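Please treat every number below as a calculation from the coordinates, not as lab data. Small disclaimer: the values here were computed from a predicted structure and weren't measured. We place every Cβ from the backbone using ideal geometry, glycine too, and count neighbours over all the protein chains shown.
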Amino acid sequence: MELTEEIAAIRDGSGDPARLVGEFRRAALLVPLTLPADESGESGGIAHSGLMSAVQGGIRWFYAFTDEAALARFARARGAGDREWEYVAILGARLVDAVVPMVGGPAGVAVNVADEDGSMFFPPVKGIVPDAYAVDLDADEVA
């Protein structure tokens with residue numbers, strides 16, 4: 001199954017969380033690069049490594065999309081659908097295993113956030129991000 005199918009299965013109550021995380025880790029995701037401040041109006045959505053993100057509830061959420069159509073819906077929702085968006089393709093595993101540790105605080109991944117019925121958040125918890133960066137583990141639990 002592909003990531004979008006696993007997300008749909010989880011959302012309708014028939015999915016398997018472990019299978020969802022596995023598909024997320026194997027998926028090639030499109031992550032938009034930050035916008036210049038003069039175009040976005042909010043200091044460019046600045047994140048680590050030039051990847052677009054937002055901070056909500058003390059967590060930095062990296063935006064990631066399963067395909068160009070999902071990224072285009074996000075661009076339109078931000079009122080910037082008429083411009084070209086640069087992005088990088090990165091495996092979900094690399095995003096959580098290599099990028100999240102660079103943040104210096106809690107970070108997760110928000111997939112297809114402009115899709116009301118197809119979005120999914122991968123929070124900074126055990127089993128998704130490296131244990132040392134999981135907010136649900138005590139320091140004693142991290143090996």
Counting only helical runs of four or more DSSP H residues, what would the 222 nm mean residue ellipticity of the chain come to if each run contributes -39,500 (n - 2.57) and the total is spread over all its residues?
-6500 deg cm²/dmol
Just subtract the alpha-carbon distance of Asp16 and Ala54 from 0.36 nm times their residue separation and send over the number in nm, one decimal.
10.9 nm
So which GluC sites (Glu not before Pro) in segment 50-143 pass both tests, a DSSP loop state and at most 16 other Cβ atoms within 10 Å of the Cβ?
Glu84, Glu86, Glu116
Please label the shape of the chain as rounded, prolate or oblate, based on the square roots a ≥ b ≥ c of the eigenvalues of the alpha-carbon gyration tensor (a/c under 1.5 means rounded; beyond that, a/b larger than b/c means prolate, else oblate).
oblate
Kindly rank 5-16, 91-102 from highest to lowest mean number of other beta carbons found within 10 Å of each residue.
91-102, 5-16
Consider a paramagnetic label point 7 Å from the Cα of Ala98 along Cα→Cβ; state which residues of segment 1-24 have an amide N under 20 Å from it.
22-24
Gain upon complete extension [Asp67, Arg26; 0.36 nm per residue less C-alpha separation]:
13.3 nm
Please turn the phi angles of segment 98-103 into ³J(HN,Hα) values with the Karplus equation 6.51 cos²θ - 1.76 cosθ + 1.60 (θ = phi - 60°), one per residue in order, whole Hz, x for glycine and proline.
10, 7, 3, x, 7, 6
Based on the Cβ-Cβ distance of Leu91 and Leu33, what FRET efficiency does E = 1/(1 + (r/R0)^6) give at R0 = 22 Å, to the nearest 0.05?
0.85
Measuring from label point to label point, each 7 Å out along Cα→Cβ, what is the Glu2 to Phe121 span in nm?
2.6
